[in-house]
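*Asks:* Okay, handing you the structure first.
The values are calculated or read from the model by the stated rules, or taken from the named source; none is laboratory data. Only a predicted model underlies this, so the values are computations on that prediction, with no experimental measurement involved. Cβ sites come from the backbone with ideal geometry, for glycine too, and all protein chains shown count toward neighbours. To get the accessible areas, we keep the full protein, side chains included, count just its heavy atoms, and leave off ligands, DNA and RNA. Shrake-Rupley method; radii C 1.70, N 1.55, O 1.52, S 1.80 Å.
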Amino acid sequence: MSHVILPRTPLDYFQSDLSKDQHRPGYATADGFVKTCSNSTAAAREFEVLCALDAVPGQSLVPAPVSYDGTTITMELVDGIRVYDVLRLLNDWSVSDPAGPAHQTALALMNRLSQRLTTIQAALSNLANPLDSYSFDAKVTQLLRFLEQVLGIQAPSAEAIHEQQRLSALWSESVTIPFRDATTKNMIIVDPRLSVRVDDDRQTTLRQIVSVEPEWVSSCRIADVDFSSTTALTTPEDDWISLHLHQIPAAYSNGMFDVNTWPTPANLALSLLVRFLRFGGRKMAYQLIYPSAARIRFEFDDASYYFRTLPKLIDSTDPKFAEQYPHTMNRIAQLCVRYDAAASIKRSDLVEHRWPLWQESPLAPASEPRHREVVSS
């Protein structure tokens with residue numbers, strides 16, 4: 001079995017910036033669902049955002065906030081299924097009937113989510129000051145170097161470092177709105193029939209619901225969760241990328257997120273760079289140094305998809321971007337090639353499990369195979 005030996009600093013970066021397993025998972029109590037935040041300031045901020053979105057007239061956007069105390073937030077416990085998993089199940093169903101009800105339901109759902117994101121961004125725009133920028137240096141520059149170290153790629157040239165500095169400056173000038181992190185993994189369709197805590201065939205249940213209740217996709221309650229990212233400012237384009245361009249939702253977003261309709265191509269290209277590197281970079285890092293967690297956390301995700309797709313999206317958005325930042329684009333290409341070459345190497349965990357691992361929800365019973373829990377390496 002091959003081991004990758006890393007100096008302490010890269011492992012520190014993984015645990016401080018990329019790991020999703022450093023804090024206690026949320027849990028249910030008689031008062032609701034309790035989430036532990038990284039610190040008391042983050043808890044206060046997330047509770048503020050929940051209250052603001054809960055107060056939007058005529059909308060049901062989030063679980064009802066209950067209270068916060070120190071580093072913990074208590075909110076309404078909603079029982080259902082992540083939107084991501086509904087799209088995944090619909091995608092599996094549509095393979096046998098590409099233009100059938102599964103595909104149409106997914107399109108209708110993505111359209112509804114687009115409308116919700118417009119509402120959420122409008123509410124968040126009132127909570128933008130005073131906030132710092134989502135850090136390009138910590139989230140992108142250091143991420144690229146971390147992945148290069150893990151894969152044995154030489155340090156970037158002076159020209160490549162200068163490019164990163166230029167991109168960082170451009171990013172700081174472009175961020176204007178709190179980062180919602182609008183991935184469909186952060187949205188729950190509140191329907192106990194599809195709950196992870198119900199041991200049944202959810203594909204069968206979903207087919208029955210779609211077939212018998214045609215209005216379900218437009219009337220079911222959807223609750224957005226996890227607003228820990230709203231402590232930082234990002235670009236307006238960023239959350240639309242998070243919503244529409246993940247690997248599975250992208251199949252149903254044609255026409256809803258057209259890269260050619262955004263007013264500033266350079267800002268959109270930069271936003272794509274940041275978000276796709278974060279999408280793919282975390283998954284790649286897990287596969288390389290924390291594979292047992294990757295098999296659970298990212299069971300349905302392909303890290304290399306994001307690195308292969310990013311250059312095409314940037315080229316269709318702003319053809320000048322690759323000409324202006326050739327070293328950065330070359331580094332991304334190198335990562336993809338080296339990662340694909342390393343995929344066949346058996347790897348051991350370089351990080352220890354601190355909490356049980358889960359794919360969909362910390363409330364999922366450990367006995368259910370699709371929600372495996374691992375308590376030791």
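*Asks:* So the check is Cβ under 8 Å with 6+ separation or different chains; which pairs have a first residue in the range 305-319 that's farther than 14 Å from V337 by Cβ and a second one that's open to solvent by 50 Å² or more (accessible area, probe 1.4 Å) and assigned to a helix (DSSP H, G or I)?
*Replies:* Qualifying pairs under 8 Å: T317/P265; D318/P265.
*Asks:* Identify, please: which residue in the range 159-195 is among the β-branched types (V, I, T) and open to solvent by 10 Å² or more (accessible area, probe 1.4 Å) and is, among those, farthest from A266 (Cα to Cα)? Let's see the steps before the verdict.
*Replies:* Step one: list which residues in the range 159-195 are among the β-branched types (V, I, T), which gives 161, 175-177, 183-184, 188-190.
Going one step further and asking which of them are open to solvent by 10 Å² or more (accessible area, probe 1.4 Å), we end up with 161, 175-177, 183, 188, 190.
On the way: I161: 19, V175: 13, T176: 15, I177: 17, T183: 22, I188: 33, V190: 38 Å.
Once the filter is applied, the top-ranked residue is V190.
*Asks:* Does any residue in the range 323-347 that is more than 18 Å from R282 (Cβ to Cβ) come within less than 9 Å, Cβ to Cβ, of a residue that is of a type in the set (K, R) and open to solvent by 80 Å² or more (accessible area, probe 1.4 Å) six or more places away or on a different chain, and which pairs are these?
*Replies:* Close Cβ pairs (under 9 Å, with a partner that is of a type in the set (K, R) and open to solvent by 80 Å² or more (accessible area, probe 1.4 Å)) amount to Q324/R166; Y325/R166.
Quick grid of which residues meet (1) buried (at least 22 other Cβ atoms within 10 Å of the Cβ); (2) modelled with pLDDT of 95 or more:
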| site | (1), (2) |
| --- | --- |
| F47 | yes, yes |
| A55 | no, yes |
| V66 | no, yes |
| T72 | no, yes |
| D79 | no, no |
| V86 | yes, yes |
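*Asks:* In the range 116-134, how many are more than 18 Å from the chain's Cα centre (by Cα), surrounded by 13 or more Cβ atoms within 10 Å (Cβ to Cβ) and of a type outside the set (S, T, N, Q)?
*Replies:* 5
*Asks:* Same structure again: Give the range 169-202 a look and list any residue that's in a helix (DSSP H, G or I), among the charged types (D, E, K, R) and without any contact (Cβ under 8 Å) to a residue 40 or more places away in the chain, or say none.
*Replies:* Keep residues of the range 169-202 that are in a helix (DSSP H, G or I), which gives 169-174, 184-186, 192-194, 202.
In the following step, the residues that additionally are among the charged types (D, E, K, R) were identified as 173, 185, 193, 202.
Within the range 169-202, E173, R193 qualify.
*Asks:* Residue check, E360 against (1) in contact with a His (Cβ under 9 Å, 6 or more places away or on another chain); (2) open to solvent by 30 Å² or more (accessible area, probe 1.4 Å), all met but one. Which one?
*Replies:* Of everything listed in (1) in contact with a His (Cβ under 9 Å, 6 or more places away or on another chain); (2) open to solvent by 30 Å² or more (accessible area, probe 1.4 Å), E360 misses just condition (2).
*Asks:* Could you look through the range 294-342, keep only residues that are basic (K, R) and more than 19 Å from the chain's Cα centre (by Cα), and pick out the one that is farthest from R275 (Cα to Cα)?
*Replies:* First, the residues of the range 294-342 that are basic (K, R): 295, 297, 308, 312, 320, 331, 338.
So of that shortlist, the ones also more than 19 Å from the chain's Cα centre (by Cα) come out as 312, 320, 331, 338.
Working: K312: 14, K320: 19, R331: 16, R338: 21 Å.
My answer is R338.
*Asks:* While we're looking at this one, here's another question. Would you mind listing the helices (runs of 4 or more DSSP H) fully within the range 53-153 where at least 3 residues are closer than 21 Å to A232 by Cβ? Talk me through it step by step, then tell me what you get.
*Replies:* Numbers: elements: 83-94, 101-124, 142-150.
Correct list: 101-124, 142-150.
*Asks:* Then there is this: Scan (1) touching a His at 6+ places or on another chain (Cβ under 7 Å); (2) modelled with pLDDT of 95 or more for the single condition I177 breaks and write down its number.
*Replies:* Here I177 meets the rest and fails (1).
*Asks:* Within the range 161-168, identify whether any single residue is in contact (Cβ under 8 Å) with a residue 60 or more places away in the chain, assigned to a helix (DSSP H, G or I) and closer than 28 Å to N91 by Cβ, and answer yes or no.
*Replies:* Kept after step one, since they are in contact (Cβ under 8 Å) with a residue 60 or more places away in the chain, are these residues of the range 161-168: 163-164, 166-167.
Going one step further and asking which of them are assigned to a helix (DSSP H, G or I), we end up with 163-164, 166-167.
Subsequent filtering for residues that are closer than 28 Å to N91 by Cβ retains none.
Within the range 161-168 (the criterion being in contact (Cβ under 8 Å) with a residue 60 or more places away in the chain, assigned to a helix (DSSP H, G or I) and closer than 28 Å to N91 by Cβ), the answer is no, since none of the residues qualifies.
*Asks:* Within the range 13-28, restricting attention to residues that are open to solvent by 60 Å² or more (accessible area, probe 1.4 Å) and either among the aliphatic types (A, V, I, L, M) or not in a helix (DSSP H, G or I) (or both), which residue is nearest to K283 (Cα to Cα)? Give the steps one after another, and end with the answer.
*Replies:* So in the range 13-28, the residues open to solvent by 60 Å² or more (accessible area, probe 1.4 Å) come out as 16, 20, 23-24, 27.
Of the ones still in play, those that are also either among the aliphatic types (A, V, I, L, M) or not in a helix (DSSP H, G or I) (or both) are 20, 23-24, 27.
Working: K20: 11, H23: 18, R24: 20, Y27: 25 Å.
Filtering first and then ranking leaves K20.
*Asks:* Please give the helices (runs of 4 or more DSSP H) falling wholly within the range 229-336 in which 1 or more residues are open to solvent by less than 20 Å² (accessible area, probe 1.4 Å) and among the aliphatic types (A, V, I, L, M). Steps first, answer last, please.
*Replies:* Values: elements: 236-244, 265-289, 291-297, 303-317, 320-324.
Hits in the range 229-336: 236-244, 265-289, 291-297, 303-317.
*Asks:* Which is surrounded by 14 or more Cβ atoms within 10 Å (Cβ to Cβ) and touching a Cys at 6+ places or on another chain (Cβ under 6 Å), of A102, A43?
*Replies:* Values: A102 fails: touching a Cys at 6+ places or on another chain (Cβ under 6 Å).
Only one candidate passes the filter, namely A43.
*Asks:* Sticking with this structure for a sec: For the range 75-122, which residues satisfy the criterion of being of a type in the set (S, T, Y) and touching a residue at least 24 places away in the same chain (Cβ under 8 Å)?
*Replies:* Within the range 75-122, the first condition is being of a type in the set (S, T, Y), and the residues that meet it are 84, 94, 96, 105, 114, 118-119.
Y84, T105, S114, T119, listed by residue number.
*Asks:* Considering every residue within the range 135-143, establish whether at least one is touching a strand residue (DSSP E or B) at 6+ places or on another chain (Cβ under 8 Å), open to solvent by less than 70 Å² (accessible area, probe 1.4 Å), over 30 Å from D92 (Cβ atoms) and at pLDDT 95 or above.
*Replies:* Narrowing the range 135-143 to residues touching a strand residue (DSSP E or B) at 6+ places or on another chain (Cβ under 8 Å): 135.
Applying the additional criterion that residues be open to solvent by less than 70 Å² (accessible area, probe 1.4 Å) yields 135.
Going one step further and asking which of them are over 30 Å from D92 (Cβ atoms), we end up with 135.
Keeping just the survivors that are at pLDDT 95 or above gives 135.
Within the range 135-143, one or more residues are touching a strand residue (DSSP E or B) at 6+ places or on another chain (Cβ under 8 Å), open to solvent by less than 70 Å² (accessible area, probe 1.4 Å), over 30 Å from D92 (Cβ atoms) and at pLDDT 95 or above.
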